[in-house]
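Single-structure report; data block below.
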Amino acid sequence: MNKVQLAADPAPLIFDRDRAALIVIDMQRDFLEPGGFGETLGNDVSLLQAAVGPCGRALEAARASGMLVIHTREGHRPDLSDAPPAKIQRGVPSRRIGDPGPMGRILVRGEPGHDIVAELAPLAGEVVLDKPGKGAFHQTDLAQILGNNGIDTLIVCGVTTEVCVHTTIREGNDRGYRCVALGDACASYFPEFHRVGLEMIKAQGGIFGWVSDAASFANAITAGEQAA
Ligand code: C5J
């Protein structure tokens with residue numbers, strides 16, 4: 001048991017470092033770089049850059065402590081057989097899922113846009129989880145992986161705060177995991193949604209979980225290491 005005390009809202013959280021996983025949600029070129037899925041929806045993708053540095057700090061600390069690291073990627077099979085028509089047809093994007101773009105076909109697995117940004121590239125041996133939906137539990141083997149590793153606490157960062165980060169935290173919370181969002185390591189195309197998304201997680205005594213930040217997480221697991 002490697003007990004860690006994490007500064008968080010609405011209250012500090014004590015967890016076992018050996019039973020925690022860092023989940024980095026969808027830090028993909030399709031969301032963060034011009035010409036990808038995020039921009040086709042009319043968003044200013046530069047707003048997501050704020051999360052890159054803090055995600056990197058959280059990753060560095062998790063790697064140094066030997067914590068389980070999981071990267072997720074939202075995307076679809078090249079034949080789009082796992083993409084719900086309602087998702088493909090929704091809205092009036094400049095390009096739809098599967099259409100060719102400057103980083104390859106939009107939100108399709110194996111295309112350059114589907115890759116995780118270079119700064120946060122997964123290391124050999126880290127789990128890379130492809131998901132067709134917003135939540136990381138939906139139609140994936142995440143629960144199996146977490147169960148096999150004895151995980152009970154999820155430290156979550158990535159993009160976007162109110163969409164895939166929130167959906168994953170809600171899914172994790174309902175499945176009995178302690179879920180912590182690292183606020184500065186999350187970002188949204190809508191700063192107000194980011195702010196309110198984090199508020200929603202920690203409201204009502206932590207209705208979905210806790211909110212902390214990358215530096216507090218790094219300090220906590222490093223301190224846990226020294227005490228171990
Ligand atoms: C979105 C995501 N925003 N990763 N996906 O469509 O949050």
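Every number in this text was worked out from the coordinates using simple rules, so none of it is lab data. A quick note: this is a predicted structure, and the numbers were derived from the prediction, not measured. When we count neighbours, we look across all protein chains shown, and the Cβ atoms used for this are built from the backbone with ideal geometry, even at glycine.
Looking at Pro54, Pro78, Pro10, just one residue is under 13 Å from the mean Cα position of the chain (by Cα) and more than 16 Å from the ligand (Cβ to nearest atom), and that residue is Pro54. If you scan the range 155-185, which residues turn out to be touching a Leu at 6+ places or on another chain (Cβ under 8 Å) and more than 10 Å from the ligand (Cβ to nearest atom)? Result: Ile155, Val156, Cys157, Ile169, Gly172, Tyr177, Arg178, Cys179, Val180, Ala181, Gly183.
Scanning the range 4-26 for residues that are aliphatic (A, V, I, L, M), touching a helix residue (DSSP H, G or I) at 6+ places or on another chain (Cβ under 8 Å) and surrounded by fewer than 20 Cβ atoms within 10 Å (Cβ to Cβ) returns Ala7, Ala11.
If only residues of the range 186-202 that are in contact (Cβ under 8 Å) with a residue 12 or more places away in the chain and more than 13 Å from the ligand (Cβ to nearest atom) are counted, the one that is surrounded by the fewest Cβ atoms within 10 Å (Cβ to Cβ) is Pro191.
Residue-wise test of (1) part of a helix (DSSP H, G or I); (2) in contact with a Pro (Cβ under 9 Å, 6 or more places away or on another chain); (3) closer than 26 Å to Leu198 by Cβ.
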| residue | (1), (2), (3) |
| --- | --- |
| Phe15 | no, no, yes |
| Asp18 | yes, no, no |
| Leu47 | yes, yes, yes |
| Ala51 | yes, no, yes |
| Cys55 | yes, no, yes |
| Ala61 | yes, no, yes |
| Thr72 | no, no, yes |
| Pro78 | no, no, no |
| Asp82 | no, yes, no |
